[in-house]
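Just so it is clear, none of the values below were taken in a lab; they were calculated from the coordinates. Please read all numbers here as calculations on a predicted model, not as lab measurements. We place every Cβ from the backbone using ideal geometry, glycine too, and count neighbours over all the protein chains shown.
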Amino acid sequence: MPYGINGRMGSAIQSNEAAEAAAREFTRALCAQWQSTLGGVALGVYCIGSLAHGGFSRRYSDVDMAVIVQEPIAPAMLDALRADAAALSVDLAAKLSIFWTDRSFAVGRFPVLDRIDYIDHAVALMERERVVPPRPPLAEVRAYLAGPPFGNWRNDAKRFAASGTLDPKDRKSYLRTLLYPARLIYSWTTGRMGSNDDAVACLAGRAPRDLDIDLIEQALTCRHAGYDPDRLFPARASLLRQVAVCERLVADQ
């Protein structure tokens with residue numbers, strides 16, 4: 001559905017920009033607090049995700065932050081970092097996702113694609129030492145994607161396809177489920193992590209046979225505008241075809 005820049009889509013873009021600015025201010029303030037809480041063990045604090053590679057949505061984006069430390073963080077310390085976030089903004093703290101590791105990138109929580117996002121796009125909020133892990137090869141990226149990420153998406157897709165109604169609490173998950181084939185194909189073919197816009201653009205000339213590209217593009221428009229995806233729920237049965245197409249992609253490799 002097209003919208004003029006001065007119409008509803010234009011307002012959505014402005015709203016996304018304002019929300020992104022607020023999120024960036026939140027991460028800067030949180031970084032300052034975290035340095036105090038961590039007591040000097042932080043080597044660097046970064047924005048990753050849509051605040052780094054683009055495509056931030058006021059409604060649908062998480063606030064992804066990465067922390068590189070000299071030594072592993074205990075669960076109590078992670079709780080303290082989250083408490084720091086809640087003290088600054090309850091709303092943004094609810095969207096916060098913390099990725100952390102030490103200089104080995106062998107402990108903590110830092111999955112393959114997020115490591116690649118860190119390597120390619122990380123925005124430093126504080127950096128005492130730049131620690132860069134080896135770039136995961138395409139085979140490792142594909143092995144990761146074919147595991148739990150694919151299984152979880154397939155389960156969600158089948159659940160939504162069989163549902164009679166869309167619960168309001170599932171709107172974000174449903175929209176992500178619609179967009180996921182583009183993200184899978186983008187990372188599967190390039191070995192990279194990018195925005196939803198990058199992923200959808202990548203489908204031109206690379207989309208597997210029978211993939212419903214139009215549905216994915218509609219989901220992207222919905223995300224940009226910050227709409228409820230309820231208007232796309234009648235197309236939920238198409239998710240079964242998307243699953244079959246992506247299963248072939250994974251099996252062929």
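Mean residue ellipticity at 222 nm, helices only, the chain: -18000 deg cm²/dmol; runs of at least 4 DSSP H residues each add -39,500 (n - 2.57), and the sum is divided by the number of residues. The orientation-averaged projected area of the convex hull spanned by the Cα atoms of the range 8-127 comes to 7.1 nm².
Ellipsoid fit via the Cα gyration tensor, the chain: semi-axes of 32, 23, 16 Å, each the root of five times an eigenvalue, largest first.
Compute the separation of the alpha-carbon centres of the range 233-253 and the range 127-144 and state it in Å as a whole number. A separation of 28 Å, based on Cα centres. Principal axis extents of the C-alpha atoms in the range 138-252 (largest first, rounded to whole Å): 38, 26, 24. The GNM of the chain, with springs linking C-alpha atoms under 10 angstrom apart, assigns the highest mean-square fluctuation among Met126, Met77, Met193 to Met77. Paramagnetic label reach from Thr189 (point 7 Å along Cα→Cβ; backbone nitrogen cut-off under 11 Å): within the range 195-212, residues 199-209.
Each of Ile213 and Val123 was given a label point 7 Å from its Cα along the Cα-to-Cβ line. The distance between the two points is 3.0 nm. A simple spin-label model places the labels of Glu17 and Val250 4.0 nm from each other, with each point 7 Å out along Cα-to-Cβ. Computed over the range 80-171, the range of Cα coordinates on each principal axis works out to 52, 41, 21 Å, biggest value leading.
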